[in-house]
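Notes follow the structure.
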Amino acid sequence: QLTSRRSLHPRRFVTSAVADGGDDGAVAPVTRRSALAAAGRSALAGAALGVTGASAARAEESQTYSDLATGTSFSVPGTWSQSVQILGDRKLVLYVDPENTETNAFVLFTPVAADYRGLGSFGTIDLVARTVIPEGPGIESNLLDSKQVKGNYFFDYTIKASADQPIRHLLTIFAVVPGQMLVTYSAQTTEANYAKEKALLMKAIDSFSIKA
């Protein structure tokens, strides 16, 4: 069986997932292909965050992340910790359950050209799925569902990033702020924990909204 040749150290992998720049961190102009590729790499970046820990009772309170520039907002449990990475003109925001970091949510903001007016600029939902959901040597991925929800693309899929990684289950929203930004939002846990965490992850996904 092939194994991934890319290190899955969380910080290093998240950095490489968001930008393909050189040593100076420069980011090349964003094209449709590079934007979709970045979205796909963000899924693997999120998968790399998983570190086994004990599960804990969830606080009823939630916290809401809002990005004023894009009108994006979503809510996650109030106990989850936030981190932000800025790389070139892209931003990755991560929320992680400190008691079980296998369960987390993350959003990637990627600027797009002014003529990218909607999801159709990136192709059909099937075309976007083939690009966003990671594939490659040592990576096993399985698309379970894809549909359009509230004007956005929604994907339900699993990823096994390498032979020594568990299967992870992700729910991803793919949205566009016309002429401004591609927004990719995911909530995930391991497949082994998915049945237990499904309601929590779906609540995080259902909370997502973006300006028209």
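The values are calculated or read from the model by the stated rules, or taken from the named source; none is laboratory data. Source: prediction; values computed, not measured. FYI the Cβ positions are ideal-geometry reconstructions off the backbone, even for glycines, and counts take in every protein chain you see.
Would you please name the residue that is modelled with the lowest pLDDT, looking only at residues in the stretch 141-175 that are basic (Lys, Arg) and surrounded by fewer than 18 Cβ atoms within 10 Å (Cβ to Cβ)? Result: Lys150.
Here is a yes/no grid of residues against (1) touching a Cys at 6+ places or on another chain (Cβ under 8 Å); (2) of a type in the set (Val, Ile, Thr); (3) over 27 Å from Thr190 (Cα atoms):
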site: Ser75; (1), (2), (3): no, no, no
site: Trp80; (1), (2), (3): no, no, no
site: Ile86; (1), (2), (3): no, yes, no
site: Thr101; (1), (2), (3): no, yes, no
site: Pro111; (1), (2), (3): no, no, yes
site: Thr124; (1), (2), (3): no, yes, yes
site: Pro134; (1), (2), (3): no, no, no
site: Asp145; (1), (2), (3): no, no, no
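Annotation: of all residues in the stretch 145-179 being of a type in the set (S, T, N, Q) and within 25 Å of Tyr116 (Cα to Cα), the one that is nearest to the chain's Cα centre (by Cα) is Thr172.
Listed by first and then second residue, the pairs linking a residue in the stretch 68-89 that is free of Cβ contacts under 8 Å to residues at least 12 places away in the same chain to a residue that is surrounded by 15 or more Cβ atoms within 10 Å (Cβ to Cβ) and not aliphatic (A, V, I, L, M), with Cβ atoms under 7 Å apart and 6 or more places separating them unless they lie on different chains, are Val84/Lys91.
Residues considered: Ser146, Ser162, Ser141. Of these, the only one that is touching a helix residue (DSSP H, G or I) at 6+ places or on another chain (Cβ under 6 Å) and of a type in the set (Gly, Ala, Ser) is Ser146. Residues that are farther than 22 Å from Ala199 by Cα, not aliphatic (A, V, I, L, M) and not in a loop (DSSP other than H, G, I, E, B) within the stretch 67-101 comprise Asp67, Ser83, Gln85, Arg90, Lys91, listed in sequence order.
Just one of (1) under 18 Å from the mean Cα position of the chain (by Cα); (2) polar (S, T, N, Q); (3) under 29 Å from Glu197 (Cβ atoms); (4) modelled with pLDDT under 90 fails for Ser34. It is (3).
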